[in-house]
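What follows is one structure encoded as structure tokens, with my remarks underneath.
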Amino acid sequence: MIQGLTMIGLEYVLGNLRAADAVEVRATIFQGDAASTSALIWSIPGPKWEARTVGGEPAAIGGFVPVWPGLGSGWLWGTDRWEEVALEVTRAMKRHILPALDARGVHRIECRPMAGNAAVIRWLKLVGFRQEAVTAQFGQGREDFVLCARTAGHDATRH
């Protein structure tokens, strides 16, 4: 089930991240502890959501941060139970979340997975993003990330 983000879901997922997502969070938005990181994410503007397993356990959190009119940054992290919600999240992304952003006039959404995280890059391509560049030393510890973008009216899955 996908619903609006709750503080309980946010804190739970951040406290139980799958290994690759934990590395990515520590390299980017991490504020020293899960509570401070949760507070920062909660305060960031833009729509946020969570996906829960059939049993109601938070398994993924995501959202969209407006950068300026028409441009935003997307984010998504999950627990080891991501696979249980992956299909539902993928469908929601393609059918509802991205079209809703298009309808709001967002013409470009950027995501930056950590370089080497091939699974996330494949998933982003599946939902319509394309890989554009490596952003060298993007992380707090100078880790490289990959810039992936989705532009309105451009179907990256056809290329």
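Summary table below
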read-out: Any pair with Cβ under 8 angstrom, 6 or more apart, that starts in region 20-34 at a residue that is farther than 18 Å from residue 119 by Cα and ends at one that is of a type outside the set (S, T, N, Q) and part of a helix (DSSP H, G or I); value: 29/40; 29/41; 31/39; 31/40; 34/11; 34/14; 34/15
read-out: Residue match in region 121-128 (condition: of a type in the set (Lys, Arg), out of contact with any Lys or Arg (no Cβ under 8 Å at 6 or more places or on another chain), loosely packed, with under 15 Cβ neighbours inside 10 Å and not in a loop (DSSP other than H, G, I, E, B)); value: yes
read-out: Matching residues in region 66-113 - criterion: being of a type in the set (Lys, Arg) and within 12 Å of the chain's Cα centre (by Cα); value: 112
read-out: Every residue from region 113-129 that is free of Cβ contacts under 8 Å to residues at least 60 places away in the same chain and within 21 Å of residue 20 (Cβ to Cβ); value: 115, 116, 118, 121, 122, 123, 124, 125, 126, 127, 129
read-out: When residues of region 11-67 are limited to those that are surrounded by 15 or more Cβ atoms within 10 Å (Cβ to Cβ) and of a type in the set (Ser, Thr, Tyr), the one nearest to residue 145 (Cα to Cα); value: 28
read-out: Elements of type helices (runs of 4 or more DSSP H) contained in region 1-114, each with 1 or more residues being touching a strand residue (DSSP E or B) at 6+ places or on another chain (Cβ under 7 Å) and of a type in the set (Phe, Trp, Tyr); value: 7-15, 82-92
read-out: Test set (1) more than 27 Å from residue 55 (Cα to Cα); (2) touching a Cys at 6+ places or on another chain (Cβ under 9 Å) - residue 124 fails condition number; value: (1)
read-out: Set 92, 103, 152: member being surrounded by 14 or more Cβ atoms within 10 Å (Cβ to Cβ), farther than 17 Å from residue 21 by Cβ, modelled with pLDDT under 95 and not aromatic (Phe, Trp, Tyr); value: 152
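The values are calculated or read from the model by the stated rules, or taken from the named source; none is laboratory data. Since the structure is predicted, the reported quantities are computational estimates derived from the model, not experimental observations. So basically every Cβ, Gly included, is an ideal-geometry build from the backbone, and we count neighbours across all protein chains shown.
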